[in-house]
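Readers should treat all values here as calculations from the given coordinates under stated rules, not as data from a laboratory. All of these numbers come straight from a predicted model, not from anything done at the bench. Glycine also receives a Cβ, built like all others from the backbone with ideal geometry; neighbour counts cover every protein chain displayed.
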Amino acid sequence: MIKLLTPTRRRFLTGSAAMLAAPAILRGTRAYAQTPTLKVGHVSPRTGPLAGFAEADDYVLAAIQDHFNTGVENNGKTWNIEIISKDSQSNPNRAAEVAADLILGDEVDIIVAASTPDTVNPVSDQAEINEVPCITTDCPWQPYFFGRNGVPGRGFDYTYHFFWGLEDVIGVFLDMWGQSGVTKVVGGLFPNDADGNAWGDAELGMPKPLAAAGYALTDPGRYQPLTDDFSNYINAFKDAGAEIVTGNMIAPDFATFWSQAAQQGFRPRIVTIGKALLFPSAIESLGNRGDGLSSEVWWSPNHPFSSSLTGASSKDLAEGYAAASGRPWTQPIGFKHALFEVVADVVRRAEDLDDYESIAAAIPKTKLDTIVGPVDWSNGPIDNVTKTPLVAGQWQKEGDAFDLKIVANSAAPDIPLTGELKLL
């Protein structure tokens, strides 16, 4: 039997070089460049239903590229770093396609990605298959690791992730709800996608921890993303007497649910939804019915962290974006910035930037204080993963604007409270 080799980037390029046999003087290799360039591929959902995660990409990437233009030192040599960014269009198949294009076409040396498993997982899978160092964020670690068929104790060779986990988001939700005094009956909204299946998983998701804390969860089952009718869910929640609604949804789905809940007379006291309620634009689109909705808070201007690249505080970064864009700050700003903090740190420490194995080996040795907190892969819940702090927040209207108040911080008391939970 003939064993077929996986067409990795390394094998592809080696084979191409052998076939072309071009004279060395004609090949644009680093060896002949006065200042060598290292290419970093970046994938995020610029368009589509996940576009809120990439709203600040232009601002963050421009600032990072400007900083990189001064060069990064490695072993006494200055390296240029070029960022090449591509749009996943909020589609996992497209994310895989552009990741492969970055690896095989643009020949990037490192690839980074963010914004839910729909982006992070296919990019990481392409990097692992093609043996390219990869750093990702903005996705709970369970759908990242187990969604990619990760095996505890074995993990992955080239792909690394920093973010919080489902245990953390459940913990901050319970911390917030515990202040409320409402009946411990919860309605769950979980889509049939990587995030929803992880959050609603009977073993690894929300059901067991909620039950252990004395909450009764009504889960009518998975719905298809972009559905136009939540009547069955609303009726089930009303029948159960749910005073809390939680889950993980994209913004268009939550808008549909929340509109139909009002039409059908369902009025929960607390609504805490992951993903859909992260962004000011999504809250503003709901008008007055956005007031009092709550979610997890990964990063804010009040987080007591600063950039290892620029020295800017969290407040500086958030205010800089608001001043440049005329828009409110958004949570992914900090994590997009932190991705490139880690890249720069890895570039400085790698023993040989011409060797992908050397770059990959430097990633898990990272011990870096970033604008989203410490990133240290020696201290993680599972292979290839390290965690960042998490708190809970509530959108509260002040005049004509909404402000995301941090209302529960037991898991990360160094991140200050900025408000108190109010019932809907």
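Listed values, structure above:
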item: Local electrostatic count at residue 174 - Lys and Arg +1, Asp and Glu -1, tallied over other residues with Cβ under 13 Å; result: -2
item: Hypothetical label at residue 284: residues of the stretch 51-73 whose amide nitrogen lies under 17 Å (7 Å Cα-Cβ projection); result: 51-59
item: The stretch 272-380 - Debye-derived log10 I(q)/I(0), Cα point model, q = 0.13, 0.14, 0.20 Å⁻¹; result: -0.60, -0.67, -1.03
item: Formal net charge of residues neighbouring residue 250 (Cβ-Cβ distance under 12 Å; K, R +1; D, E -1); result: -3
item: Calculated FRET efficiency for the pair residue 65/residue 264, C-beta based, R₀ 51 Å, to 0.05; result: 0.55
item: Net charge of Cβ neighbours under 13 Å - reference residue 393; Lys, Arg +1; Asp, Glu -1; result: -2
item: Inverse mean reciprocal Cα-Cα distance (Kirkwood Rh) of the stretch 323-404, Å; result: 15.2
item: Residue 239/residue 422 FRET efficiency (R0 30 Å; Cβ-Cβ; nearest 0.05); result: 0.70
item: Proximal lysines relative to residue 184, as straight alpha-carbon distance under 25 Å, when same-chain residues fewer than 8 apart are discounted; result: 208, 238, 275, 405, 422
item: Gyration tensor (alpha-carbon) shape descriptor, the stretch 36-163, a/c threshold 1.5; result: oblate
item: With Cα atoms, 0 to 90° folded angle of helix 166-177 axis to the chain main axis; result: 30
item: Dipole of the stretch 278-424, positive direction: furthest Cα of 392, 423, 326, with charges on the beta-carbon; result: 423
item: 5 angstrom amide H check on residue 271, placed H, neighbours 5+ away; result: 245, 294
item: Part-to-part distance (alpha-carbon centres) for the stretch 174-243 and the stretch 325-392, which is given in Å; result: 32
item: In Hz, Karplus ³J(HN,Hα) per residue of the stretch 260-273 (6.51, -1.76, 1.60; θ = phi - 60°; x = Gly, Pro); result: 5, 4, 5, 5, 9, x, 9, 10, x, 8, 9, 10, 10, 10
item: Over the stretch 302-355, relative contact order from alpha-carbon pairs under 8 Å, at least 6 apart, %; result: 25
item: Shape call, the stretch 51-120: gyration tensor on alpha carbons, a/c limit 1.5; result: oblate
item: The stretch 363-424, relative contact order [Cα under 8 Å, separation at least 6], %; result: 20
item: Contact order normalised by residue count of the chain, Cα under 8 Å, 6+ apart, percent; result: 15
item: Stokes-Einstein D (µm²/s) once Rh is taken as the Kirkwood radius of the stretch 373-420 over alpha-carbon pairs, at 4 °C in 1.567 mPa s; result: 102
item: Whole-Hz couplings from phi, Karplus 6.51/-1.76/1.60, listed for the stretch 200-213; x for Gly and Pro; result: x, 4, 5, 9, 9, x, 7, x, 5, x, 5, 4, 5, 8
item: For the stretch 358-375, Karplus couplings with θ = phi - 60° (6.51, -1.76, 1.60), whole Hz, Gly/Pro x; result: 5, 5, 4, 5, 6, 5, x, 8, 5, 9, 9, 8, 10, 6, 10, x, x, 10
item: Segments 181-191, 212-222 sorted - mean Cβ within 10 Å per residue, highest first; result: 181-191, 212-222
item: Dipole magnitude (debye, nearest 20) for the chain, charges at Cβ of Lys, Arg, Asp, Glu; result: 300
item: Computed P(r) (all Cα pairs; the chain; 10 Å bins; percent); result: 4, 22, 31, 23, 12, 5, 2, 0
item: Shape of the stretch 104-163, Cα gyration tensor, a/c cut at 1.5; result: oblate
